[in-house]
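S.K.: Below you will find the structure I want to go over with you.
The values are calculated or read from the model by the stated rules, or taken from the named source; none is laboratory data. Please read all numbers here as calculations on a predicted model, not as lab measurements. Cβ: placed from backbone, ideal geometry, glycine included. Neighbour counts: every protein chain shown.
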Amino acid sequence: MKILISNSLDNHALSCEYNKGSEAVAIATIKMLRQAWPDAEIASFVQFTDSFTEANGIRVIESKRFTTTRFSPGTLLESSLNLVRCKLWAALHKHCPRAAKAIINNKRLREYTNADIVLDLGLDTYSDDYGMLAVIEHSKDILLGLLLRRPVVIWAQSLGPFQSKLTKWLVKFALNRVALITAREEISLEQLRLLGINGPPIHLTADPAFLLEPASEKTVREMLSMEGIRTDGKPLVGLTLSWSSVIGKSKKSRFLQIAKEVFWIMRALLPERLFQFLLRMSGRYKRLDMASYIDNKVIAEIADYLVERLDAYVLLVPHDYNPAADDRKLLKEILKAVKHNERVKLLAREYSAPQLKGFIGQCDMFVGGKMHANIAALSMCVPTVGIQYGSKFYGIMRMLGQEQYVCDKLTFHEVRAKIDEAWSNREGIRAELKTKLVTVKKQALQNCELVKQLVEHRQLSNTS
């Protein structure tokens with residue numbers, strides 16, 4: 001059994017490991033695949049570090065790896081030429097097999113042809129939120145597999161939104177031809193229905209990150225000690241925010257909408273060193289520095305309220321270490337603004353997804369603006385208040401009966417009200433989570449069970 005993993009945004013960068021939510025999904029996915037096919041050869045276009053590949057027993061197909069950019073003029077041209085090659089192969093392979101074989105003449109396409117199945121590990125990146133270019137490149141990756149007659153599976157994703165006519169058409173064209181789609185929440189199912197996706201089987205499952213094993217409690221306590229964090233028997237509340245949630249008010253800005261598209265285009269087309277230089281320079285200009293859109297006062301008020309209302313220690317938990325948008329930069333700004341800085345601590349070192357889940361599991365409550373940080377909390381039965389930056393928050397929280405604890409906006413009054421409600425109901429929330437997690441974890445495992453059924457059906461069809 002040969003399995004190929006792809007995610008166009010991570011095929012040329014270490015984005016997956018920088019983002020600890022993505023890392024959590026990758027680890028849990030690989031573990032599931034290993035349990036289903038112990039001897040499977042798992043290859044990955046997603047660029048992982050050597051330590052990750054060794055720990056998880058996979059092989060990375062190395063490409064030109066970038067630090068902050070995700071595409072380049074070279075990779076964009078290569079993906080387009082590969083698409084042409086695959087189209088020619090599809091037209092020739094029946095009648096001119098030798099000529100068709102000669103067309104598949106590079107490492108990337110040979111990996112597709114050697115795979116028994118292709119897993120698209122796109123998470124939530126198949127969306128206009130990442131720019132039109134990202135949707136186009138993602139669609140190309142899917143079409144490469146389809147043209148080479150490989151079964152492509154859309155694995156446990158949140159899909160959309162798609163606003164432009166071009167991306168809607170392209171996504172509909174690609175997804176109606178895949179072998180299987182599993183969606184990790186109900187809102188994505190509705191997106192697929194609205195787009196007119198009715199070709200492949202579509203199933204509601206759950207995010208694989210619910211299955212991630214955390215670091216041991218002993219290890220976590222040792223790491224807390226190394227960070228100089230002591231609670232003295234008082235409650236510990238975790239807090240994390242995403243750049244998307246803190247600049248939510250600015251999303252209506254026409255200037256920022258244009259700046260966002262320019263950012264994605266420059267990130268793809270400029271040489272990486274030049275892009276990094278311009279990224280550093282942009283911080284000098286208030287309108288281009290995302291940190292300037294952060295209302296530190298509101299976030300600091302929330303942290304201080306947790307200290308005062310609950311007599312708690314607050315643990316600021318970064319969940320993405322990407323150089324272009326490191327959570328620690330955002331959380332350091334919050335730390336500067338709080339009054340009770342002796343009771344608010346930031347995890348300064350870089351940790352793995354299992355380690356961060358272990359930290360979050362030590363919390364008595366969690367306030368999160370990052371979906372996978374919230375999944376880490378929920379899967380450890382930690383009462384969680386979510387600060388949404390996309391509709392998927394409701395979908396994930398609804399699966400566990402927790403949608404009433406999602407804040408539509410990052411305002412002190414709304415977040416405070418949700419904190420008070422969740423803290424008052426914390427014992428009931430823990431009990432409800434414990435019950436519902438049994439079903440949700442089964443749904444997460446169903447991702448692999450559905451793929452296994454697909455593979456067995458294809459094997460049976462090929463032998464009959």
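S.K.: Only one residue in Ala444, Ala422 is in contact with a Pro (Cβ under 9 Å, 6 or more places away or on another chain), more than 17 Å from Met1 (Cα to Cα), touching a residue at least 12 places away in the same chain (Cβ under 8 Å) and not assigned by TED's automatic domain parsing to the domain that holds Val367. Which one?
M.R.: Among Ala444, Ala422, only Ala444 is in contact with a Pro (Cβ under 9 Å, 6 or more places away or on another chain), more than 17 Å from Met1 (Cα to Cα), touching a residue at least 12 places away in the same chain (Cβ under 8 Å) and not assigned by TED's automatic domain parsing to the domain that holds Val367.
S.K.: While we're here: Please specify each residue of segment 18-46 satisfying the condition of being crowded, with 23+ Cβ neighbours inside 10 Å and part of a loop (DSSP other than H, G, I, E, B).
M.R.: Correct list: Val46 only.
S.K.: It is to be established whether one or more residues within segment 76-89 are of a type outside the set (Val, Ile, Thr), part of a helix (DSSP H, G or I) and closer than 23 Å to Gln157 by Cα.
M.R.: The answer is yes; a qualifying residue exists.
S.K.: Does Val455 count as part of a helix (DSSP H, G or I), assigned by TED's automatic domain parsing to the domain that holds Ser225 and either in contact (Cβ under 8 Å) with a residue 40 or more places away in the chain or crowded, with 17+ Cβ neighbours inside 10 Å (or both)?
M.R.: Spelling it out, it is not the case that Val455 is part of a helix (DSSP H, G or I), assigned by TED's automatic domain parsing to the domain that holds Ser225 and either in contact (Cβ under 8 Å) with a residue 40 or more places away in the chain or crowded, with 17+ Cβ neighbours inside 10 Å (or both).
S.K.: Looking only at segment 90-124, count how many residues are assigned to a helix (DSSP H, G or I) and of a type in the set (A, V, I, L, M, F, W, C). So that I can check it myself, show each step before the final result.
M.R.: First, pick out the residues of segment 90-124 that are assigned to a helix (DSSP H, G or I): 90-92, 97-103, 107-114.
Checking which are of a type in the set (A, V, I, L, M, F, W, C) leaves us with 90-92, 99-100, 102-103, 109.
Adding up the residues that qualify gives 8.
S.K.: Additional query: Exactly one of (1) surrounded by 15 or more Cβ atoms within 10 Å (Cβ to Cβ); (2) in the same structural domain as Arg309 (by TED's automatic domain parsing); (3) in a helix (DSSP H, G or I); (4) more than 20 Å from the chain's Cα centre (by Cα) is unmet by Arg398. Its number?
M.R.: Failing condition for Arg398: (4).
S.K.: What is the residue count in segment 341-366 for residues that are among the polar types (S, T, N, Q), under 17 Å from Glu217 (Cα atoms) and in a loop (DSSP other than H, G, I, E, B)?
M.R.: Counting residues in segment 341-366 that are among the polar types (S, T, N, Q), under 17 Å from Glu217 (Cα atoms) and in a loop (DSSP other than H, G, I, E, B) gives 2.
Condition check ((1) closer than 28 Å to Ile258 by Cα; (2) crowded, with 21+ Cβ neighbours inside 10 Å; (3) out of contact with any His (no Cβ under 7 Å at 6 or more places or on another chain)) across all residues:
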{"position": "Leu123", "(1), (2), (3)": "yes, yes, yes"}
{"position": "Tyr126", "(1), (2), (3)": "yes, yes, no"}
{"position": "Asp141", "(1), (2), (3)": "yes, yes, yes"}
{"position": "Ile154", "(1), (2), (3)": "no, yes, yes"}
{"position": "Leu159", "(1), (2), (3)": "yes, yes, yes"}
{"position": "Val171", "(1), (2), (3)": "yes, yes, yes"}
{"position": "Asn176", "(1), (2), (3)": "no, no, yes"}
{"position": "Glu186", "(1), (2), (3)": "no, no, yes"}
{"position": "His203", "(1), (2), (3)": "no, no, yes"}
